[in-house]
1. So, in Å, what gap is there between the alpha-carbon centers of segment 243-312 and segment 185-238?
2. Please compute the length gained on full extension between VAL175 and ARG314, using 0.36 nm multiplied by the number of residues separating them and subtracting their Cα-Cα distance.
3. Only Cα pairs within less than 10 Å get springs; with that Gaussian network setup on the chain, which residue of GLY155, GLY131, GLY194 has the largest fluctuation?
4. Provide the descending list of Cα extents for the chain along its principal axes, expressed in whole angstroms.
5. How far apart, in nm, are two points set 7 Å out from the Cα along the Cα-to-Cβ line at ASP124 and at GLU147?
6. Please compute the net charge surrounding SER263, taking Lys and Arg as +1 and Asp and Glu as -1 over other residues with Cβ under 10 Å from its Cβ.
7. Return the single residue from PRO12, PRO225, PRO208 with maximal mean-square fluctuation; model: Gaussian network over the chain, springs between Cα atoms under 10 Å.
8. May I have the pair-distance distribution P(r) for segment 206-300, computed from all Cα-Cα distances with 5 Å bins from 0 and rounded to whole percent?
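Nothing in this text is a laboratory measurement; each read-out follows from the coordinates by a stated rule. Predicted model only: the values in this text are computed from it and were never measured. Methodologically, a virtual Cβ is constructed for each residue, glycine included, from the backbone with ideal geometry; neighbour enumeration extends over all protein chains shown.
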Amino acid sequence: MSELLGRPSWRPLFSASVVFLATLAALLPLPASWVERVYSRAIYPAIQPYITQASNLSPIALLDVGVGVVLAAAGAALFRRRGVQRRWRAVLGAAGWLVTAVAAIYLSFLLSWGLNYRRMPLEDRLEFHRGRIDREAARRLALLAIERLNGGYAGAHAEPFREEALAKSLAEVQVMLGRPGVAAIGRPKRSLAGIYFRYAAVDGMTVPVFLEIILNPDLLPVERPSVLAHEWSHLAGYADESEASFVGWIAGVRSRDPVARYSAWLDAYRLSTNVLSRDARASLPRLAEGPRDDLSAIAARYARSSPRVRSAARGVYDSYLKANRIDEGIANYDVALQLILGAGFDEEWRPRMRQRE
């Protein structure tokens, strides 16, 4: 059969090995402490800067290039087999190639970034207490957000956003959280996926394997800092959506850039008020006209997306997160509020870490 298909005899063994390793990696219950110590704190910090810095050299999203290469390879594989006399052999050969390719991509995903989904939860390393999480704590956060938004609106709209200031703040937060080294900052890129982002209301994406970031081209200036901080936190190894939002939020509120601070407090306002009752929201001080206009503009951007595409995208991503052992699925984004309320901070929003025994 190998001679008939024009395929070296070693290829079936190679394909079977790749599929076996991918299956084993998907099902093997690696201890979170081992992943934290060996991968997230040793291997990943060592490889991430090189991969991201290499990806930064490309002016276009390498995701687009990678998808093009995979599609071209799949077409070539089907073309090579079109002359096979027995159709079922051609179908089996193409299916085998596809399974091997998917397995190889999955292994690359795990090794380059994906194993961070299996690390120790951040709340296990923070001075975190669930007793702090209640409606009153959310109300206090909302009150503080209103104060910071009303006071910060003018400054946030007076000058352009400075990415370097946010990057510096995020580097400081990584050190506070005990990360060995500082992650390389990804160059925000546009992609053909931006068309999909627009209709699916996806704000941004961190691309595993290439460790690059892609942002929605329609993001408003007041949204961009928070989305960028979130994606940069992913690059720092915080794969969990709530943890990336939490780390990015701290970087935002601590940043010396007024746009980044304002953007972070917009997130805090939306997260905190979403869990309050209508009466509790009505009792809050009035948000000034400027921040209200910004929130209306964000809502209008969201409304321009497609409900059907949004629903389909949420379903796919929900399945993806659950497959990577995030039990809450898409709802994991909202867990960021629990981290903000349950964690201990000093007066400068420096998170307190749990003392090691």
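1. One Cα centre to the other: 17 Å.
2. Values: separation 139, 0.36 × 139 = 50.04 nm, distance 3.31 nm.
Stretched fully, the VAL175-ARG314 segment lengthens by 46.7 nm.
3. Result for the chain, Cα springs under 10 Å: GLY131 fluctuates most.
4. Dimensions of the chain along the principal axes of its Cα atoms: 77, 51, 39 Å.
5. Once both label points are built, they end up 3.6 nm from each other.
6. On the way: positive: ARG224, ARG261; negative: GLU223, ASP257, ASP267, ASP294.
That sum, taken over residues with Cβ under 10 Å, equals -2.
7. With Cα springs under 10 Å in the chain, the top fluctuation among PRO12, PRO225, PRO208 is at PRO12.
8. Going from the shortest bin to the longest, the percentages are 2, 13, 20, 21, 20, 13, 6, 3, 1, 0.
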